[in-house]
1. Would you mind counting up the charge near residue B:302? Only other residues with Cβ under 9 Å from its Cβ, with Lys and Arg at +1 and Asp and Glu at -1.
2. About the Cα centre, and with charges only on the beta carbon of Lys, Arg (+1) and Asp, Glu (-1), how big is the dipole of the protein assembly as shown? Nearest 20 debye, please.
3. Say R0 is 51 Å: what FRET efficiency, to the nearest 0.05, do residue A:321 and residue B:84 get from their beta-carbon distance?
4. At residue A:33 and residue B:63, where each label point lies 7 Å from the Cα along Cα→Cβ, what is the point-to-point distance in nanometres?
5. Would you mind giving the mean number of other chain beta-carbons within 10 Å of the Cβ of each residue in B:193-206, as a whole number?
6. Net charge within 15 Å of residue B:270 by Cβ-Cβ distance, Lys/Arg positive one each and Asp/Glu negative one each, not counting residue B:270 itself?
7. What GluC sites (Glu not before Pro) in region B:86-178 are in a loop by DSSP, with at most 16 other Cβ atoms within 10 Å of the Cβ?
8. Computed FRET efficiency, Cβ-Cβ of residue B:72 and residue B:180, R0 51 Å: what is it to the nearest 0.05?
There are 2 protein chains.
Amino acid sequence: MTFTYTISELEELHAFACGVARLAGNFLREEQVRRRRASALRTKEKQNSVDLVTSSDVAVEKMIRQSIQSRYPDHAFIGEESYSASKERRFLLEDGPTWIVDPIDGTVNMIHMFPMAAISIGWCINSIPTIGVVYAPFLGGTLYSAIYHPRGGAWLSEFGPCGPMTSLPLISPPPPLPGSTKGCLYVGEWGKDRRDHPGSLLNKRAANFLNMAAELGGRDGKGGMVHGIRSLGSATMDLVYVASGQADVMFEAGGCWEWDVCAGIAILLQTGGIVVDANPPEGLSKDDPIPMVCIGSRRYLAVRGCSKDAEGRSPRQQQEALVREVWRKTERIQSRR
Amino acid sequence: MTFTYTISELEELHAFACGVARLAGNFLREEQVRRRRASALRTKEKQNSVDLVTSSDVAVEKMIRQSIQSRYPDHAFIGEESYSASKERRFLLEDGPTWIVDPIDGTVNMIHMFPMAAISIGWCINSIPTIGVVYAPFLGGTLYSAIYHPRGGAWLSEFGPCGPMTSLPLISPPPPLPGSTKGCLYVGEWGKDRRDHPGSLLNKRAANFLNMAAELGGRDGKGGMVHGIRSLGSATMDLVYVASGQADVMFEAGGCWEWDVCAGIAILLQTGGIVVDANPPEGLSKDDPIPMVCIGSRRYLAVRGCSKDAEGRSPRQQQEALVREVWRKTERIQSRR
């Protein structure tokens, strides 16, 4: 069954989600002040010393879930902390209205007070991310959001709810892609799995970074000579910078879940970006169109929106060419639920 | 000869530098709006496609230099763009009052509209960074600054000149260091030199990142198991996050100059941090005190300020122990002027 929402219903959902994100952000800012006084934040190790959950994650998720359940009691809810606490490991998104929430993406950053931490609130209908709100309360109150719809939009709001609001992508129409990895701003993460053996996730991630950075012709032909590599410690922020046109490519595999990307994907789709599997799908030939990734894939390769280039290639043609080049220049990464 | 300035003279210099930085930041924000309209920014390659200079760098440096020269005509001035345009390659800091300015640190970021770009205004006396102002106009108008003096201070100002101002370090007194690289937030950059051959700067940087990320015991005992690695594309922002206590360690060698670090060092010194050579100085024995780096060193290893730890080790003891551990776990990097 297909669900239909009107643009005004979507606008209401968007305004609600922005409000909830700001409330949760205010809570985090206040907590930061309390923490400055207490000089300590209780943390609990999840898997190892890098995978931390703070009491704030749990409190913020509860706050967001309660707001949603009291306003939209018939909507489904998927949250990072409730997922981690349960035994269920399948990807459970159905076609009905579903909120997908990460209360704090960038928990390690939060603990260090490094400002790349975000509240990510996404809403799906027919399994498609349709409302996305990403609020970074420690970055001058920066809020990115979108309604993915022909009559929707995407916005960057700065300096809090009364500050200026800019349409996304920031450059509109967005410039063509650089034509190859050379010239791209590439974002990716080192992740939490630090095991060191040949073929380990960590070693593959390191090889991929080095390939992307190296001069053209370097690394046995895998050199990508990107303009720059950025690692922020927040997949949500990585993706949102691609969605806004402030970076070109985001590559993330093995350390990322649907709540990290759902809101960002809604913004990306509305600004003309694409997100596909970070590994080439089996059997895909060089002329096949590249399918959109399932948001539970755990492997994501996102490319920003762009305009027709000087050779007349469409945005999609440029994006797919860049995806295939990144695939050629990176190691395959397996990930599991 | 030693120069002496009173605290009120320093306060006046600090207020002046903050004002100049904000003016320059406003210029850059306006230029970003113009650019959104024009959808293009003229760039000129300096060394290769990653080393870009925009017309904004040159215009902003001129604006800052003129402001300084009309207010303080007898002060010396060192700026990135005037240095690059001249043939002089020596490090020329003398003991008199000297401004050291990077009009835009993070030019590649600026070109992509990635928000980690900063105006960095430092002022030295007796060759010591004493006033530092780092303004990030695209990060919600975040301004970090300090007066390095017993009666000075260090501050984070958010949301523009009328917004809230917080003393640095953000947590005060700052927590002890984690006791080893395990638990540290580590910032460093991939840089602009992308040549790929054994022992190249790029390969050393990659090895250092991998060492820091790997589990303890991994990488032939060099595994550092840091909490996270962050690369922002701006050495100025990297350093300022260590100075504010929002990151623990900054390692940068080979891609960094005095104008990238002067302002950040003034803030770091005031908050109790240290900055030393990223390579161990020749002949330094394990009990020698580690000397402060010369700001023209081009190799910097900065560690945040901290309080006495549970074992009663002083801040300096913890910082030096961490420096020696990072030295053990990283490759030597040569850099030249």
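1. Cβ neighbours under 9 Å give a net charge of -1.
2. Using only the charged Cβ atoms, the result is roughly 700 debye.
3. Calculated value: 0.90.
4. 3.3
5. Mean shielding by partner chains, rounded to a whole number: 4.
6. Value of the local net charge: +1.
7. Here the sparse-neighbourhood loop sites are B:88, B:94.
8. So the FRET efficiency works out to roughly 0.70.
Rule-based calculations on the coordinates, nothing more; no lab input. Note that the coordinates shown come from a computational prediction; the quantities given were computed from them, not determined experimentally. Every residue, glycine as well, gets a Cβ built from its backbone with ideal geometry; the counts of neighbours run over all protein chains shown.
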